[in-house]
Amino acid sequence: MVNKLKIDVVTIFPDYVVMPLAQSLIGKAGQSGLVEITANDLRDFTSDAHRTVDDTPYGGGAGMVMMPTVWGDAIDSISNATSAAVHELIILTPAGELFSQSMAQELSLSEHLIFACGRYEGIDQRVTDHYRTRPEFRVREVSIGNYVLNGGEAAALVMIEAIVRLVPGVIGNPESLAEESHSIAADAQDEVLLEYPIYTKPSKWRGLSVPAILTSGNHGLIATWRREQAISRTEQIRPKTRE
Ligand code: JEE
């Protein structure tokens, strides 16, 4: 087997993650054996009767912070159970680097991804700092966008869906991936060309007709029209801003 990807999600809500993963493309990827996903319960790595994962913040402030001890035990155990040479540790946080298509491309080539999904105010910073000193780990603090969620689980699901569909052999349609990879290279969150509008039957619906050029049979003109549509759409919806 060539490109096997193991994904571990660590969370206090493993069911939140398991249910959507059982569906759709990701589920099929699992059946194919190309990807194996495990939802791990963080509380299994606690050592007290109450299964505590959080404590009050040093320096004061609102809310609770997740303890480094529990996270360290979980990540050590999960990484030791996997033979991968490198573990990509992805710590979800509103203060992380923004997730992008190019990051998804990179991560789809990994052997082992560990998603650390915090809750409350997040995870003690020393977890990131410690694993950055360990050569067998590659640590990234990642955010999926500039809005605030209640925890990392939804963000991990978004990332997993974007990553798994890029694993070679998972998507049944290599043509659509090849087409995609053009638009990927530039993707630093600038330089992305939005897609052209798409249509199917019926040719007239509620008084709206499909643009005549698409039924003309002239593939050269269609390609030019689509390029122009993509450009004008991009200028309208994502105008280049200047400082
Ligand atoms: C992981 C806990 C909740 C809420 C404090 C202070 C932050 C944490 N794109 C994304 N948005 N949110 C997350 C995300 C949220 C998380 C955790 C990821 C773990 N939470 C939480 C509020 C705060 N706020 C003011 O600035 C904003 C911290 C995420 C991703 N990925």
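The values are calculated or read from the model by the stated rules, or taken from the named source; none is laboratory data. All of these numbers come straight from a predicted model, not from anything done at the bench. Neighbour counts are summed over all protein chains in view; Cβ atoms, including those assigned to glycine, are modelled from backbone coordinates with ideal geometry. Keep in mind that these areas ignore ligands, DNA and RNA; they rest on the heavy atoms of the full protein, side chains included. Shrake-Rupley method; radii C 1.70, N 1.55, O 1.52, S 1.80 Å.
Brief remarks follow.
- Shape class of the range 102-149 from the Cα gyration tensor (axes a ≥ b ≥ c, square roots of the eigenvalues): oblate, since a/c reaches 1.5 or more and a/b does not exceed b/c.
- Positive minus negative residues near residue 87 (Lys, Arg vs Asp, Glu; Cβ under 10 Å): -1
- Amide H contacts under 5 Å for residue 141: 91, 97, restricted to partners 5 or more places along the chain or on a different chain, H placed in the peptide plane at 1.01 Å from N.
- As a length-normalised measure over Cα pairs under 8 Å and 6 or more apart, the relative contact order of the chain settles at 20 percent.
- Rounded to the nearest 20, the Cβ-based charge dipole of the range 1-141 about its Cα centre (Lys and Arg +1, Asp and Glu -1) stands at 340 debye.
- Protein heavy-atom accessible surface, 1.4 Å probe, per residue over the chain: 61 Å².
- Residue 118 sits among other residues whose Cβ lies under 10 Å from its own Cβ, and their net charge, with Lys and Arg +1 and Asp and Glu -1, is -3.
- Dipole magnitude for the chain: computed about the Cα centre from +1 point charges on Lys and Arg Cβ and -1 point charges on Asp and Glu Cβ, it is near 1080 debye.
- 16 Å cut-off, amide nitrogen to a point 7 angstrom out along residue 126 Cα→Cβ, residues in the range 35-76: 53-60, 65-76
- Unit charges at the beta carbon, dipole of the chain: most positive-side option, 219, 29, 143: 219
- Gain on full extension, evaluated as 0.36 nm per residue between residue 133 and residue 233 minus their Cα-Cα distance, stands at 31.5 nm.
- Under 26 Å of direct C-alpha separation, and excluding same-chain neighbours fewer than eight residues apart, residue 6 reaches these lysines: 28.
- Packing-based ranking of 160-166, 45-51, 31-37, 100-106 yields 160-166, 100-106, 31-37, 45-51, ordered from highest to lowest mean Cβ neighbour count within 10 Å.
- Förster radius 51 Å - calculated FRET efficiency between residue 223 and residue 51 (Cβ-Cβ, nearest 0.05): 0.30
- Shape class of the range 71-152 from the alpha-carbon gyration tensor: oblate, with a/c at 1.5 or above and b/c at least as large as a/b.
- Helix-derived mean residue ellipticity, 222 nm - over the chain, DSSP H n ≥ 4, -39500 (n - 2.57), to 500: -10500 deg cm²/dmol
- Bridges between two residues of the chain, per DSSP, are antiparallel at a rate of about 15%.
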